[in-house]
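Engineer: I'd like to ask some things about the structure below.
The values are calculated or read from the model by the stated rules, or taken from the named source; none is laboratory data. Predicted model only: the values in this text are computed from it and were never measured. The area values use the complete protein model at the heavy-atom level, side chains included, leaving out ligands, DNA and RNA. Shrake-Rupley method; radii C 1.70, N 1.55, O 1.52, S 1.80 Å.
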Amino acid sequence: KKKGVSGPGDDCAELRPPPGKYLQLSCDQLVEGVHVEAGTSPAVQARKLLRRTLSDLAAAGAVPWVVSWTIAVPSDRNARWLRALAKAFLEEADHYRVAVIGGDMSTSGPPGTHSSGLGAVLGCTAIGLADRPAPGRGGALAGDWLLVTGRLGGAVQSGRHLIPNPRLEEGRYLLEQFSPHAMMDISDGLATDLPRILQASRLSVDVNLEDLPLAPPLSSRPKDWEIAISEGEDYELLVAMAPRTARKAMQDPKLRRVGFTQIGTFQEGSALNWLHRGKKIKLTAKGWQHRWAGEPSTEN
C-alpha cells in the first residue's frame, strides 16, 4: 500500500500527494478490434492498456503513482476470461510499482448478446508525480532541435505494439537533467503526432528522413520511411530541445544506450517538411486517425 493512497473498496479513492509534487493525469483506452485484433488474449489486452497509458506519463517526465481502470466486455465472456484480465493488469501494475485504486465494470451490450461485432472496451486513468511542470507540446522554439528516443517503425509487424515499452525512466531523466521545451509520446505515428507539437507551438519543422532511426528490418529508402512515419505504436518520445542542450543530451551515456537522435529543426511558420538530402519531398503516408461517420477520408 502506497503512502497517501486509500482505495479501492469505497465510492472514491482518497489521495494525499506528497508536498511540492506536481500531479500529472492521463487517460487512455484499449478497444478490441481497434488497438488489438479481436480475440487477443485478455492478458495481452490488460498489459497493453496499462503500458500505453503510462507512456503519456513518460512524456510528462512523471513517476507513475496510481491508476484506476474500467472494463466493458460482451456478456458472453466468462469469469475465467475476466480473472485472466484482472490478474495480468494487477501484475503489470505491480511491475511498474503503481497502486490500483479502483475502477468499474460493465457489459458492452444487452444481457445475452453474443460477442459477434462487439469487443472489450477497456479504459485506464493514471496519475503520476513530478518535481516540476511537464514540458507539454506547446513550448518548442524556432531553432530548437527535434529529437526522438529509440527507433521507429515495424512495431506492428514485429508484435512490439502488443507489449509497448513506456519510456518512463528516459522521460523523467530528460525532464530533470535537460529541461526540454516540449515532449510527447508517439502512439499514432510521427506523421500524425508531430503536427500536434507544431500546432501547439505554432511552428514549422524540417525533418531529415535520412536521419530517422529505423527499427530493423527497415532501411533508408522511401517505402520504409513511409512505414516509419505512419505505422504508429512506437511509444517513443518526441522532444524539442535547444541545440546546445541537445548536443549534451545526445552524448549522455544513459540516453545513448536507448538511442537519442536529432531528426529535424523547428522553424518559424506552420508546415511539416520532409527532406531528403536537403530537398523537400512529398510523402503520402498518414499516421493513425480514427474515422467517424460522415467524415471524408484524409488518405491520398
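Engineer: Is the C-alpha gyration tensor of the chain telling us rounded, prolate or oblate? Criteria: a/c under 1.5 is rounded; beyond that, a/b larger than b/c is prolate, otherwise oblate.
Structural biologist: oblate
Engineer: With a 1.4 Å probe and every protein chain left in place, work out the accessible area per residue of the chain in Å², rounded to a whole number.
Structural biologist: 50
Engineer: Here is a further query. Could you pull out the pairs from Lys254/Lys282; Lys48/Lys279; Lys3/Lys248; Lys2/Lys48; Lys48/Lys254 whose alpha carbons sit more than 32 Å apart here?
Structural biologist: Details: Lys254/Lys282 35 Å; Lys48/Lys279 39 Å; Lys3/Lys248 36 Å; Lys2/Lys48 23 Å; Lys48/Lys254 25 Å.
In this structure, Lys254/Lys282; Lys48/Lys279; Lys3/Lys248 exceed 32 Å between Cα atoms.
Engineer: Sticking with this one: For the chain, what does the helix formula give at 222 nm: sum of -39500 (n - 2.57) over DSSP H segments with n ≥ 4, over the residue count, nearest 500 deg cm²/dmol?
Structural biologist: Numbers: 8 runs with 86 residues, N = 300.
-8500 deg cm²/dmol, from helical runs alone.
Engineer: What residue among Thr284, Thr261, Thr245 shows peak mean-square fluctuation when the chain is described by a Gaussian network model with Cα springs under 10 Å?
Structural biologist: Among Thr284, Thr261, Thr245, the largest GNM mean-square fluctuation belongs to Thr284.
Engineer: Quick one: with all protein chains in place, what share of the accessible area of region 1-94 is carbon or sulfur, to the nearest percent (1.4 Å probe)?
Structural biologist: Numbers: 2480 of 4820 Å².
With neighbouring chains kept in place, the figure for region 1-94 is 51 percent.
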